[in-house]
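Quick notes on the structure that follows.
The values are calculated or read from the model by the stated rules, or taken from the named source; none is laboratory data. Since we're looking at a predicted model, the values are computed, not measured. Methodologically, a virtual Cβ is constructed for each residue, glycine included, from the backbone with ideal geometry; neighbour enumeration extends over all protein chains shown.
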Amino acid sequence: MLESFDAPPFTRGGFLRHAPINARADKLVTEYNIRTPSIVTPAGRLSGGNAQKMVMARALSGQPRVLVVAQPTRGLDVGASEYIQRRLLAERGARRGDFADLH
């Protein structure tokens, strides 16, 4: 939401629209398997792996043209590390056609 909070459908007339914001948060929590008590739980209260998945969800949901990651699994447990690596490789595979000229 940090990058898109001021654009439709998340805002109208300068006011936040909580229904679309909450729907987007629910979707990303499910899609990225983020384990959190609630979508309003502060990021600082999440485990390291879930916080990292949240950061990845935020970065990838904006469909960036380029994503630079440095040590994306540092300090994470084996399960979270595996998930992050698989997800990044899947994203690379899904977007490979967009960057074919770079290989």
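Quick one: which of Val66, Val78 is of a type in the set (A, V, I, L, M), modelled with pLDDT of 90 or more and more than 13 Å from the chain's Cα centre (by Cα)?
Val78 is the lone residue from the list that is of a type in the set (A, V, I, L, M), modelled with pLDDT of 90 or more and more than 13 Å from the chain's Cα centre (by Cα).
Look through segment 27-50, keep the residues that are within 14 Å of Gly75 (Cα to Cα) and outside any loop (DSSP other than H, G, I, E, B), and return whichever of them is nearest to the chain's Cα centre (by Cα).
Among them, the one singled out is Asn50.
Table: residues versus (1) without any contact (Cβ under 8 Å) to a residue 12 or more places away in the chain; (2) in contact with a strand residue (DSSP E or B) (Cβ under 9 Å, 6 or more places away or on another chain); (3) among the aliphatic types (A, V, I, L, M).
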site	(1), (2), (3)
Ile34	no, no, yes
Ala43	yes, no, yes
Leu46	no, no, yes
Lys53	no, no, no
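Suppose we filter segment 75-97 for residues that are over 24 Å from Pro37 (Cα atoms) and either of a type in the set (A, V, I, L, M, F, W, C) or part of a loop (DSSP other than H, G, I, E, B) (or both); how many remain?
Of the residues in segment 75-97, 4 are over 24 Å from Pro37 (Cα atoms) and either of a type in the set (A, V, I, L, M, F, W, C) or part of a loop (DSSP other than H, G, I, E, B) (or both).
Any residue that is surrounded by 11 or more Cβ atoms within 10 Å (Cβ to Cβ), in contact with a Gly (Cβ under 6 Å, 6 or more places away or on another chain) and in a helix (DSSP H, G or I) - is there at least one of those in segment 51-69?
There is no residue in segment 51-69 that is surrounded by 11 or more Cβ atoms within 10 Å (Cβ to Cβ), in contact with a Gly (Cβ under 6 Å, 6 or more places away or on another chain) and in a helix (DSSP H, G or I).
Could you list all residues from segment 10-40 that are surrounded by fewer than 14 Cβ atoms within 10 Å (Cβ to Cβ) and among the hydroxyl-bearing types (Ser, Thr, Tyr)?
Those that are surrounded by fewer than 14 Cβ atoms within 10 Å (Cβ to Cβ) and among the hydroxyl-bearing types (Ser, Thr, Tyr): Thr30, Ser38.
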